[in-house]
Ligand code: PEP
Ligand code: MG
């Protein structure tokens, strides 16, 4: 038996034969061409063909895995039409006089390398998308047709890396799980795995040469382990755990449509956290009662210029409309620290988590802020939208924000555009905000406690630094005291208070939070039904 550890992207268990997919790259030959314009025309024709392939994959994904999974192929189509990407290919053909496939490959590698070198996990994950689309285009240009990974029977797919395209081509029914040497938890393939409920591990230090199709394996997404040729004992234990998991899932399904209410009648709103309007479908699939945190900064990432007011308006309106009257709390831009976009021109800082980020950027660069506010105010007409401001530390900041909101309103009025001023709340995620929450509660409509940042700033421990895992204690009394303080302040002024950090999904704290009086808890979509079950089992908390 061989055992390896990796990063789990979906916490399920799978057992069965493996199918090893080996890289088929490196077959593109460089040729010198005479007619650059003719070669560019070939790229354009290949682009049309690739677009058709992606549309088919989109339909397949939509049917088999829902809208969130299908959105991956929409993103690839956008990349296929990206001017910067295409111009770089054309430029390589014109200046280097190389064949189209070679220019596509070089451009894809160049873009992917840039993404790979970025600090941000989300951006690094985009490297796989560029490689995927470039391989597709180059394959068409070289006449390879569509590379269909061959998987004969339902298997655990083992590969160096796996693109979303390959994953969909294999088909959900043939994938028991997957294990890759590379890849990140934020890659689109990982998103697909989560959406489709496929037990999966990435970043597993395997040597593919030691494995072959047909060997057996067990993927344990709960412990982040994969075992090849498992012994009898592990096989039997795995069977038992899989049965328990199936039973658990049946129980969770039974939670759909039920009220989130304790045995003694205390009602809590259970919402979902999302990063894009397309994730709304995922939240609804998991029966979320609203969106408690729409991290709008993701709209600003993975691109090389600011999203326009119109683009943002469409995304926020989509979320509001799809939630059909349910609450959608959209957080304004929380860029900076670990979430960076080059076009903001942010300087490198000694302490980015303590630096120029979130609302600080919005107050210093009000034009960026106002564009987003106008989009939000316009989208508020189409549903139950609330706006929330991150990283607040003082009353003055809130007053300044309200001043800028007034300016945004005036601008919309001048333009004669329809808008609505939504409810406005703040995140309590700095110790400063928790300590003055009594004053802040007077000013705003609601609080949402960001326990991720509140923990890092209260304990003075970088949430990104794996070396601090042994010290990092989000159950620390100091953090819980801050949370209680914020809850009491909000209620003292008759305002609502929620939790939207990861701690909201911690089952050990559900009872504590409900006893404190937290009105809403917002968690990752797959956690909503688990939390509902935990809430419904509580008693004596009124
Ligand atoms: C938080 O800090 O708890 C939070 C929800 O915001 P983010 O994780 O996006 O910083
Ligand atoms: Mg935060």
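Tally the residues that are part of a loop (DSSP other than H, G, I, E, B) and within 16 Å of ligand 1 (Cβ to nearest atom), restricting the search to the stretch 313-350. First the steps, then the outcome.
Start the filter on the stretch 313-350 by keeping residues that are part of a loop (DSSP other than H, G, I, E, B), which leaves 323-326, 332-335, 337-338, 340-341, 345-350.
Restricting the remaining residues to those that are within 16 Å of ligand 1 (Cβ to nearest atom) gives 332-335, 337-338, 340-341.
Qualifying residue count for the region: 8.
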**Request:** Report those strands (runs of 3 or more DSSP E) wholly inside the stretch 425-534 carrying at least 3 residues which are in the same structural domain as residue 283 (by TED's automatic domain parsing) and closer than 20 Å to residue 275 by Cβ.
**Result:** 520-523
**Complete:** Of (1) within 21 Å of residue 309 (Cα to Cα); (2) within 15 Å of ligand 1 (Cβ to nearest atom), residue 380 satisfies every one except (2)
**Message:** Please determine whether any residue of the stretch 450-464 is touching a residue at least 60 places away in the same chain (Cβ under 8 Å), within 16 Å of ligand 2 (Cβ to nearest atom) and closer than 27 Å to residue 537 by Cβ.
**Reply:** yes
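If you take the residues of the stretch 488-508 that are surrounded by 15 or more Cβ atoms within 10 Å (Cβ to Cβ) and more than 15 Å from ligand 1 (Cβ to nearest atom), which of them is nearest to the chain's Cα centre (by Cα)? Break it down stepwise before answering.
Initially, the stretch 488-508 is screened for residues surrounded by 15 or more Cβ atoms within 10 Å (Cβ to Cβ), giving 488-491, 493, 495-506.
Next cut, more than 15 Å from ligand 1 (Cβ to nearest atom) only: 488-491, 493, 495-496.
Values: 488: 32, 489: 32, 490: 29, 491: 32, 493: 34, 495: 29, 496: 26 Å.
Residue satisfying both the conditions and the ranking: 496.
Pick out the one residue from 281, 272, 254 that is under 28 Å from residue 74 (Cβ atoms) and at pLDDT 90 or above. Write out each step before concluding.
Details: 281 fails: at pLDDT 90 or above; 254 fails: under 28 Å from residue 74 (Cβ atoms).
Result of the check over 281, 272, 254: 272.
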**Request:** Take the stretch 322-339 and flag every residue that is more than 15 Å from ligand 2 (Cβ to nearest atom) and either farther than 19 Å from residue 421 by Cβ or buried (at least 18 other Cβ atoms within 10 Å of the Cβ) (or both).
**Result:** 322, 323, 324, 326, 327, 328
**Complete:** Residue count, the stretch 270-296, condition in a loop (DSSP other than H, G, I, E, B), touching a residue at least 60 places away in the same chain (Cβ under 8 Å) and within 16 Å of ligand 1 (Cβ to nearest atom), comes to 3
**Asked** If you check residue 264 against the conditions, is it touching a helix residue (DSSP H, G or I) at 6+ places or on another chain (Cβ under 9 Å) and not assigned by TED's automatic domain parsing to the domain that holds residue 66?
**Response** no
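The values are calculated or read from the model by the stated rules, or taken from the named source; none is laboratory data. What you see is a predicted model; the values in this text were computed from it and never measured. Cβ atoms come from the backbone with ideal geometry, glycine included; neighbour counts cover every protein chain shown.
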